[in-house]
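Structure first, then comments.
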Amino acid sequence: MTRATWRTRIGFILAAVGSAVGLGNVWRFPWLTAENGGAAFLVLYLALIVAVGVPGLIGELVIGRRSGRNPVGAFRELGGDRFRFLGAIALLAAAVVLSFYSVVGGWILRYTLSSATGAYFAAPGEYFAAIDYGLGAVAFHAAFLFATVAVVHLGVDRGIEASTTLMVPGIVVLLGGLAVWVATLPGAAEGYAFYLSLDVGYLRENFLDVLVAAAGQALFTLSVGAGAMLTYASYLGEDRSLAADGTLIAVLNTAIGVLAGLVVFPLLFSLGVSPGQGGPGALFVSLAGAFGDLPYGRIVGVVFFGVVLLAALSSAISILEVLVSYLIDEHGRSRLQATLGAGGLLLVTGSVAAASPAVFGLLADTIANLVLTAGLIGFLLFDGWVLGRLAREEFERGAGRLARLVSLPWYVAIAVALPVFLAFTFVTGVGSVLGIPISSPIAVAVAVVGVAAVAAVFARCSPSE
Ligand code: TRP
């Protein structure tokens, strides 16, 4: 059986942008921004997208296109059996992310429907508290997952490409419309101010926490670290510049993310609610509450949550495709069997997150950051030390002059600088999960020694040795 490919370049780009744009932009980003000092977080996050996210994303694309395989098959094909574990980390990360992602997707689905009836208008806080975890949440999680399974089972071109080609432009148009309308609301200016003004004092005092959160979010928003972009790149047929494609994907994602912020924050402030309170539920309580006070609140609610639903779905399909491509390639399953199998697993794991706020919080806040970071460190060290010269060759294949000029700096970044930086945030992050603050010099030392050791082992295991 020949492997599926994208029909057009634009189809691939839109599918990847659909993967990148999602709850990360509309829900996780405002939540973390509010928790981490507003624009202080925004600035670090943007810087880390450029410095870490984009080169990391390209590092994933390189492995995917070079191998033309699912994550497990890719590392086996390029590095031999002993590198299959890197693919296993990707599968684990994908399962972790989708388990909580589809719970939030379920919330969004429910809010889209209940906006039409105004069900939450009278008492938004109570409404969210009644539906956030438990049986209802499990049911809506299952419904969201079912929609994801339905798209993915139709295949790469007829399912994923066809649906994202419609969804992504739809998201842009609807978000743009909302942003224009929001600007006319009284009090919107305060929202822009919160979003765009920088509190240097806050940043200085909480630098490490903000840095770790921003680094995790930069990976999350670009769908990097769980093999989703790797898998999408494995369906690329012709040769074209991965550097250009990766940059374009990141630029579009960031632009749409900033646009989402221009909707969410002014909307909150124009109704006098601060995004500072409320953790993961903030969007649902404050924002949904705001809709109740608006003239055409039901319509606005349906449109807003409808956009978010599209964005969430086009991301969820990319995460599910990681597991599905693995089951198809490595276990010879049909696409239908693979989608049902992966869907069944996630039905169970997601239900646990939908039933337990503690499990949900742990997965969504910290574990997701840690597995994505671990995944990306592994992928980049593989690029840098196992593929080595071949990684640069793949980077330059189909690339123009500019991309060939940056090929060496890119290589140094992904082989050395980024792994050390990511390992540093990983160690610091583990410290704060365990409640033992690890001092920065120690974290740096652990990161440098750890990365050097792994790089040395990888280099010796390189098949080209
Ligand atoms: N980037 C998506 C968002 O911002 C979520 C996502 C899709 C993702 N695929 C991923 C996150 C793979 C991590 C890994 O909503």
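With respect to Ala311, determine if the residue is at pLDDT below 95 and surrounded by 18 or more Cβ atoms within 10 Å (Cβ to Cβ).
Judged against the criteria, Ala311 is not a match.
Looking at the stretch 389-414, which of its residues are open to solvent by 10 Å² or more (accessible area, probe 1.4 Å) and not aliphatic (A, V, I, L, M)?
Answer for the stretch 389-414, where residues must be open to solvent by 10 Å² or more (accessible area, probe 1.4 Å) and not aliphatic (A, V, I, L, M): Arg389, Arg392, Glu393, Glu396, Arg397, Gly398, Gly400, Arg401, Arg404, Pro409, Trp410, Tyr411.
Of the numbered conditions (1) closer than 12 Å to Gly56 by Cβ; (2) within 13 Å of the ligand (Cβ to nearest atom), Gly246 fails exactly one; give the number of that condition.
Evaluating Gly246 over (1) closer than 12 Å to Gly56 by Cβ; (2) within 13 Å of the ligand (Cβ to nearest atom) leaves (2) as the failure.
Answer yes or no as to whether Arg69 is out of contact with any Ser or Thr (no Cβ under 7 Å at 6 or more places or on another chain) and surrounded by fewer than 24 Cβ atoms within 10 Å (Cβ to Cβ).
The answer is no for Arg69.
To keep it simple, each residue is scored yes or no on (1) in a helix (DSSP H, G or I); (2) open to solvent by less than 60 Å² (accessible area, probe 1.4 Å); (3) closer than 18 Å to Val386 by Cα.
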site: Val416; (1), (2), (3): yes, no, yes
site: Pro419; (1), (2), (3): yes, yes, yes
site: Val427; (1), (2), (3): yes, yes, no
site: Ser432; (1), (2), (3): yes, no, no
site: Pro437; (1), (2), (3): no, no, no
site: Ile442; (1), (2), (3): yes, no, no
site: Val449; (1), (2), (3): yes, no, no
site: Arg460; (1), (2), (3): yes, no, yes
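Would you check if Leu46 is in a helix (DSSP H, G or I), more than 14 Å from the ligand (Cβ to nearest atom), at pLDDT 90 or above and farther than 24 Å from Arg397 by Cβ?
Against the criterion (in a helix (DSSP H, G or I), more than 14 Å from the ligand (Cβ to nearest atom), at pLDDT 90 or above and farther than 24 Å from Arg397 by Cβ), Leu46 qualifies.
Within the stretch 299-308, work out how many residues are of a type in the set (Val, Ile, Thr), farther than 29 Å from Leu336 by Cβ and surrounded by 23 or more Cβ atoms within 10 Å (Cβ to Cβ).
Matching residues across the stretch 299-308 total 1.
If only one of Gly384, Gly361 is assigned to a helix (DSSP H, G or I), small (Gly, Ala, Ser) and over 22 Å from Ala413 (Cβ atoms), which one is it?
Of Gly384, Gly361, the one residue that is assigned to a helix (DSSP H, G or I), small (Gly, Ala, Ser) and over 22 Å from Ala413 (Cβ atoms) is Gly361.
Just to be sure I understand the filter: pairs with C-beta atoms under 9 Å, separated by 6 or more residues or on different chains, first member in the stretch 410-433 and closer than 10 Å to Val451 by Cα, second member outside any helix (DSSP H, G or I). Which pairs pass?
Final answer for the pair search is Ala415/Gly388.
Pull up the stretch 314-329, narrow it to residues that are more than 16 Å from the ligand (Cβ to nearest atom) and in contact (Cβ under 8 Å) with a residue 60 or more places away in the chain, then point me to the one that is least open to solvent (accessible area, probe 1.4 Å).
Ile328
Which pairs have Cβ atoms under 9 Å, sit 6 or more apart or on different chains, and link a residue in the stretch 223-236 that is closer than 11 Å to Phe12 by Cα to one that is within 10 Å of the ligand (Cβ to nearest atom) and of a type in the set (Ser, Thr, Tyr)?
Every condition considered, the pairs that remain are Met229/Ser19; Met229/Ser223; Met229/Ser318; Tyr232/Ser19; Tyr232/Ser223; Tyr232/Ser318.
Please return the ranges of helices (runs of 4 or more DSSP H) entirely within the stretch 210-303 where 3 or more residues are more than 20 Å from the chain's Cα centre (by Cα).
By residue number, 242-270, 288-292.
Can you spot a residue in the stretch 111-121 that is in a helix (DSSP H, G or I) and under 21 Å from the mean Cα position of the chain (by Cα)?
no
Among the residues in the stretch 85-101, are any assigned to a helix (DSSP H, G or I), away from the ligand (no atom under 13 Å from the Cβ) and open to solvent by 20 Å² or more (accessible area, probe 1.4 Å)?
Yes, because at least one residue in the stretch 85-101 is assigned to a helix (DSSP H, G or I), away from the ligand (no atom under 13 Å from the Cβ) and open to solvent by 20 Å² or more (accessible area, probe 1.4 Å).
Among the residues of the stretch 1-33, which ones are more than 16 Å from the ligand (Cβ to nearest atom), in a helix (DSSP H, G or I) and open to solvent by 20 Å² or more (accessible area, probe 1.4 Å)?
Arg9, Ile10
Mind checking whether some residue in the stretch 142-151 is among the hydroxyl-bearing types (Ser, Thr, Tyr), closer than 18 Å to Ala354 by Cα, open to solvent by less than 20 Å² (accessible area, probe 1.4 Å) and under 26 Å from the mean Cα position of the chain (by Cα)?
Yes - at least one qualifying residue is present in the stretch 142-151.
Taking the stretch 330-353 only, how many residues are surrounded by fewer than 23 Cβ atoms within 10 Å (Cβ to Cβ) and more than 27 Å from Tyr111 (Cβ to Cβ)?
Of the residues in the stretch 330-353, 10 are surrounded by fewer than 23 Cβ atoms within 10 Å (Cβ to Cβ) and more than 27 Å from Tyr111 (Cβ to Cβ).
The values are calculated or read from the model by the stated rules, or taken from the named source; none is laboratory data. The shown structure was predicted, so the numbers you read here are calculated from the model rather than taken from an experiment. Cβ sites come from the backbone with ideal geometry, for glycine too, and all protein chains shown count toward neighbours. Just the protein is used for accessible areas: all its heavy atoms, side chains included, with ligands, DNA and RNA removed. Shrake-Rupley method; radii C 1.70, N 1.55, O 1.52, S 1.80 Å.
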